[in-house]
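Values in this text are rule-based calculations from the coordinates and carry no lab data. Predicted, not measured: the structure shown is a model, and the values here were computed from it. Using ideal geometry, Cβ is built from the backbone for each residue, glycine included, and neighbour counts are taken over all protein chains shown.
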Amino acid sequence: MTEPAVPTFAVVGRVNKGKSSVVSTLVEDDGVRVDKEPGTTRVCTRFPFRADDGRVLCAAIDTPGFEEAPRALAWLQERESSAADRPALVARFVATFRSGAEFADECALLTPILDGAAILYVVDASLPYRRNYEAEMEILRWTGRPRMALVNRIGGDDHVDEWKRALNQYFSVVRDFDAHRSGFAERVGLLRAFRELDDAARPRIDEAIRALEADWERRRGRAAAIVAELIADGVTCTVEHPLAQHDTIERHLPVWEADFLSALREREQRARRAIERLYRHDRLERHEASLGRDSFTWDLFAQESRRVFGLDQWQLVRAGAVAGATIGGAIDVATLGHSFLVGTVIGGVVGGVASWLGTEQAVEVKVLGQSVGGRVATIGPLGDPQFPWILLDRAVLHFASVVGRAHAERDPLKVEPQDGKQGASRLLDRTTQGAIGAAVARIRDAGGPVASEDVDALAMMLGPLLERATEAAG
Amino acid sequence: MSADTSHARGPLTLAELVDLEARLLDDRDGDPAAVAERDARIAAELGPGAPALSRHAMVRRWLAAVATPGAPSLGQRVSSVYRIAGVALPVVTFVAGVGTAAGLLAYDGRDPVNIMAYLAVLVFLQGLLMALTVLGMLPRAWLGGVLRLIGLDRGAGVAGLVRELAHRSARTLADRGVIPASGRAALGNLAAWQTIYAGVERWLLTAITQRAAVAFNLGALAATVYLVTVRALAFAWSTTLEIDPALMTRFFHVMATPWRWLETAVPSGELVAASRYFPGREYDPDLLGDWWPFLVAALVAYGLVPRLVLAAYAAQRARAARATLALDHGECAVLVDRLARGASLWGRGDTVGTAVAPVAPVIAAGGAALPATGTVVRALRWADAAMSQADLERLVGATLGWRVASFDDVRGNDDPDERGRLARLADSDRPVLVVAEAFEPPSKSVQRLLQSVRRSVGAHVPVVIGLFGGTTDHGPPSPDDVRIWRQRVAALGDPWLRVEALSP
C-alpha cells in the first residue's frame with residue numbers, strides 16, 4: 001500500500017475529535033470534509049507530499065475514528081500472552097475482522113499503522129478527559145509504532161492540562177495544534193515534530209520542510225505580482241462604449257459610471273480569487289465590503305475620441321506627421337540638405353494637419369462592409385491619487401486574512417480592518433511609500449498597454465510589504 | 001483547438017500564446033472550484049513527471065486539455081490572419097516595388113531619367129524608414145518617451161495595421177458566432193493587456209513587415225534590371241541648386257564605397273559631369289546608359305541587403321522571444337504552479353483501503369410516550385460520564401420527576417461483569433435510563449449497548465437516553481448534540497427508545 005521508505009503519518013482518534021480538520025490544515029486542502037456530524041470520514045485518504053521531481057517525501061493519512069475501542073481492547077487483552085506479542089496480536093485482530101462490519105472502523109484505521117505509518121493521535125481538549133479514552137490509546141500503544149498526540153481544541157473550554165497528564169503516559173511527543181487557527185509556522189512546526197518521532201524519516205522530512213519553505217516564499221512573490229497587476233489594472237482601467245453619430249457622453253454618464261465601478265470591482269474580485277487559489281483556499285466564501293464609490297474621490301475621466309484602425313486621433317496625427325516629415329525629409333536629402341530641412345518641417349505639418357482633418361471623414365469609411373473607425377466614449381481611468389492606495393490597502397488586508405487562515409476553517413472569511421486601520425498604510429515607512437507611489441505613477445502615466453516590467457518592479461516593492469503582512473497575521 | 005498539438009515540441013506558438021491568455025482571462029470569471037478541479041484533473045493526467053516538464057510543454061498540454069474539440073481557437077484565427085498577411089503583404093509590396101521602379105525609370109526618349117529621384121525614393125527614403133524600424137527595434141527602456149511621442153509604442157504603421165486587422169477579423173468572427181461570445185470579451189481584454197504574448201507578437205509583426213520590404217526591393221530590382229535590359233535608358237542628375245559636378249562625384253563615390261571593387265558600378269568623374277542635366281542640352285545616350293550598374297548596386301546595398309538583415313534579425317528575435325518566454329507572469333505562473341502542484345507538495349487525497357459502511361439511514365422516531373412522573377427507573381452510566389448517583393437523582397427528579405432505583409456503569413467493553421449487569425436488567429420491567437454526556441458523540445459502541453439492553457428488557461420496556469451537557473456543571477446539552485444523538489438512535493428503529501435532554 002505505502003512505500004516502506006516514505007515516512008507516513010496516520011491521523012487517528014475518536015470520531016469527531018478533529019482528525020479531518022488537522023489533515024485539512026496540515027495538507028492545505030479545504031476540500032477535506034469537516035463536519036459536526038460524527039463519523040463523516042468513512043475511508044482512509046492518503047495525501048502524499050511530493051518533491052519537485054515527483055518523489056514522495058512523506059504522506060499523511062486521514063482515517064475513520066475509533067467506534068468500538070473498549071471491546072476491541074477486550075478482545076486483544078483476552079489473547080495477550082506477552083508484551084512482545086502485542087504488535088502481532090493487533091495484526092491478527094485486523095486480519096480477523098477486516099472483512100466484517102463488527103470492527104470495520106478499527107480495522108480501517110489500524111491498517112496503515114500496521115503498514116508502517118507513525119501515529120498522530122488527535123484529541124479535543126475543549127472537552128474533559130475521560131477514562132474510556134484509555135482503551136484507544138492502549139490499542140495504539142500495542143501497535144509499537146512511533147506515536148505523537150496532538151491536542152486540538154474545537155470548542156471554547158480548556159482541559160489541556162488534564163489531557164496532557166494522561167497523554168504523556170502513552171505518547172513520546174505531545175503537541176498543541178489548533179486545527180482551526182494554525183498557520184504556516186505551526187504546520188512546519190508539526191513537520192519538525194514528525195522528524196523527532198522517527199530517525200529514519202529525518203532526511204525526507206527535512207527535505208519536505210525545505211520545499212515547503214521555498215514554496216511559501218514563491219507563493220508570496222506570486223501574490224505580490226497579483227496585487228501589482230490589480231493596481232496596474234485599476235489605475236489604468238478604462239471602459240469604452242461606441243457612440244452614435246449625434247449622441248453625447250452626458251446622456252449615458254450615470255449608467256457608464258456604474259459600469260466602470262463594476263469593472264473595477266470585477267478586477268478586484270479576480271485578484272481576490274487568484275490569491276485565494278494560490279493559497280489553496282479553493283472553496284472559500286468571503287465577506288468583504290465592496291469597493292464603494294464613497295471610498296475615494298470620484299474623479300473620473302470621460303472623453304470622446306475617434307478611431308481609425310484602432311488608432312485614436314492623436315496617434316493618427318502623430319503617424320501622419322511622421323509620414324509627412326519622412327517624405328519631406330526625402331526631398332531634403334535629395335537636395336543634399338540645401339533646403340535646410342524645410343521639406344521635413346512642411347511635410348510633418350502637412351501630414352499632421354491632414355490626419356487631423358481627415359479623421360472625421362475616415363471614421364465613416366467602410367471597407368468590405370466593415371467600418372474602419374468610429375466614435376468612442378472612453379470612461380476612466382480614475383484620477384484620484386489615493387485610489388491605488390485604497391486598492392493596495394484592501395488587497396493587503398485580504399492577503400493577510402487569507403494567508404493566516406487555516407484550511408480547516410469553514411466559516412466565511414471576514415475581511416475587516418484591525419483596530420480601524422487598513423492594511424498597507426501601517427506597514428510602510430515613508431521611503432517605501434514614496435517608491436511605491438512613484439512606481440504606480442509610472443504605470444498610470446505611461447498610457448497605452450501596461451508594461452510588464454513596470455508591473456514587475458511594483459511587485460518587487462510589494463513583496464516585503466506582504467511579508468510584513470504575513471508576520472502581522474501571525 | 002482543432003488539431004492535437006499537445007505533443008508538439010519547442011516553445012509555444014503565437015496561436016498557443018493568444019489562446020493561453022484568452023483561457024486565463026476566461027478562468028478569471030469562472031467558478032474557482034470548477035477551475036481548480038479541472039486543473040487538478042489535468043495535473044493528475046500529466047502524472048508525477050509534471051514538475052520536470054518545461055513550462056511551455058506543461059502549458060501546451062493544458063491548452064490541449066481545455067480546448068474545445070473541433071473548433072478553431074481564437075489564437076489560431078489570429079495566427080492565420082498573420083500567416084495570410086505574411087504571404088499577401090510581400091506579394092503586394094513586390095508589385096508596389098515594380099510599379100515604383102517603373103515609374104521612376106519612365107523614359108520618353110527625350111528627358112533622361114533623373115538619378116536623384118531614383119535614389120531619393122529607393123535609397124534615401126527607404127533609409128529613413130529603415131532608421132525608424134531600427135528605432136522601433138531598440139529596447140523600450142532605452143527609448144522611453146520617444147516611442148510614445150511618435151506613436152510606435154502602440155504599433156502604428158504597417159505593423160499596427162496588420163495587428164489591428166488580425167484582431168478585428170477575430171472580433172468579426174466572434175460577432176458572427178464562429179468564435180464563442182466569451183471570445184469577444186477575451187479579445188477586448190487581450191487588447192488591453194497582452195501581458196504574455198506582446199513581446200513575441202512585436203517581433204513577429206516586424207518580421208512580416210521586413211519580409212514585405214524585402215519583396216518591395218526585389219520588385220524594384222527586377223523592374224530596374226528588366227527596363228535597363230529591354231530599353232535603352234539615359235540617366236542624368238539635376239537639382240535646382242548650384243552644385244559643382246566635382247562635389248557630386250565625391251558624393252557618388254562615397255555612396256559606392258561598399259562596392260568600390262566593382263569598377264563598372266562606380267561612376268567616373270567624366271560620367272558625372274556628362275550627366276548633369278540642363279534643359280535642351282544634347283546627350284550621348286550610350287554614355288548616359290552606364291549609370292544603371294550604380295543604381296542597381298545602390299538598391300542592393302542600401303535597400304535589399306539591409307532589409308534582408310532586418311528580416312532575418314526580426315525572425316530570429318521572434319524565435320528567441322518565444323523560446324525565452326518565461327511564462328512566469330501573474331496568473332500564468334499561478335496556472336503552472338497549479339499544474340505542477342498536482343504532483344508536488346501536498347497532493348490531493350487518494351482513497352486507500354475500503355470504505356466503512358455508512359451509518360444506517362434515519363428512521364422516524366417511535367411513538368412510545370415518555371414514562372410518567374413518579375416512574376422508578378434503573379440507571380446505567382455510559383462511558384464514565386461525570387455524573388454521580390446523587391447528582392443524577394437530583395437532576396432526573398427535577399427534570400422528569402422520576403426516581404432512580406439502581407445505578408450501574410457500562411463502558412461498552414463487553415466483559416463478563418458488564419454482560420452480567422445487562423443480563424440482570426431482565427429481572428424487572430422498570431424503564432431503563434442510560435445517562436450520557438451529550439458532547440461525546442454517539443459511537444457504534446453505544447448503539448450496540450442499546451441493542452443489548454433491548455435484548456435484556458424485552459421489546460416493550462421504555463429505554464430513555466438522558467443527555468446532559470456542560471463539561472463541569474451538568475448543564476443543559478446543546479440542541480445540536482441532542483439532534484445528533486436522536487439521529488443515531490433513530491437509526492436503530494426501536495419505537496420504545498427515546499432521547500431526552502436532562503436540563504433543569
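In table form, for the structure just shown:
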{"item": "Ranked by how many other beta carbons lie within 10 Å on average, peptides A:61-74, B:308-321 from highest", "result": "A:61-74, B:308-321"}
{"item": "Least to most buried among A:D29, A:D247 (fewest other Cβ within 10 Å first)", "result": "A:D247, A:D29"}
{"item": "Compactness of segment A:151-217 as Cα Rg over 2.2 N^0.38 Å, two decimals", "result": "1.30"}
{"item": "Order of A:K19, A:K414, B:K444, A:K164 - criterion: other Cβ atoms within 10 Å of each residue's Cβ, fewest first", "result": "A:K414, A:K164, B:K444, A:K19"}
{"item": "For residues of B:447-456, the mean tally of beta carbons on other chains within 10 Å", "result": "1"}
{"item": "Magnitude of the charge dipole, chain A, Cβ model with Lys/Arg +1 and Asp/Glu -1, debye to 20", "result": "640 debye"}
{"item": "Compactness relative to 2.2 N^0.38 Å, alpha carbon Rg of segment A:222-262", "result": "1.62"}
{"item": "Cα convex hull volume per residue for segment B:406-465 (Å³)", "result": "80 Å³"}
{"item": "Peptide ranges A:430-441, B:84-95 listed from the most packed, as the mean C-beta count within 10 angstrom indicates", "result": "B:84-95, A:430-441"}
{"item": "Per-residue [θ]222 nm for chain A (sum of -39500 (n - 2.57) over DSSP H runs n ≥ 4, rounded to 500)", "result": "-17000 deg cm²/dmol"}
{"item": "Peptide-level mean, for A:103-111, of C-beta atoms on other protein chains within 10 Å", "result": "3"}
{"item": "Quotient of Cα Rg and 2.2 N^0.38 Å for segment A:23-87, N being how many residues it contains", "result": "1.60"}
{"item": "Ascending count of other beta-carbon atoms within 10 Å, so fewest first, for A:R79, A:R153, A:R468", "result": "A:R79, A:R468, A:R153"}
{"item": "Normalised convex hull volume, segment B:376-504, alpha-carbon set, Å³ per residue", "result": "92 Å³"}
{"item": "Efficiency of FRET between A:E207 and B:A320 - r from beta-carbon atoms, R0 35 angstrom, step 0.05", "result": "0.45"}
{"item": "By average C-beta atoms within 10 angstrom, highest first, the peptides A:33-45, B:71-83, A:108-120, B:414-426", "result": "A:108-120, B:71-83, A:33-45, B:414-426"}
{"item": "Chain A: antiparallel DSSP beta bridges as a percent of all, rounded to 5", "result": "50 percent"}
{"item": "Percent breakdown of C-alpha pair distances by 20 Å bin, ordered from the shortest bin, for chain A", "result": "19, 36, 24, 14, 6, 1"}
{"item": "Shielding score for A:59-67, defined as the mean number of other chain Cβ atoms within 10 Å", "result": "4"}
{"item": "Degrees separating the helix A:452-473 axis from the principal Cα axis of chain A, which is the longest one", "result": "30 degrees"}
{"item": "Descending semi-axes in whole angstrom, ellipsoid equivalent of segment B:15-124, from the Cα gyration tensor", "result": "56, 14, 11"}
{"item": "Counting all C-alpha pairs of segment A:15-159, share separated by more than 26 Å (%)", "result": "27 percent"}
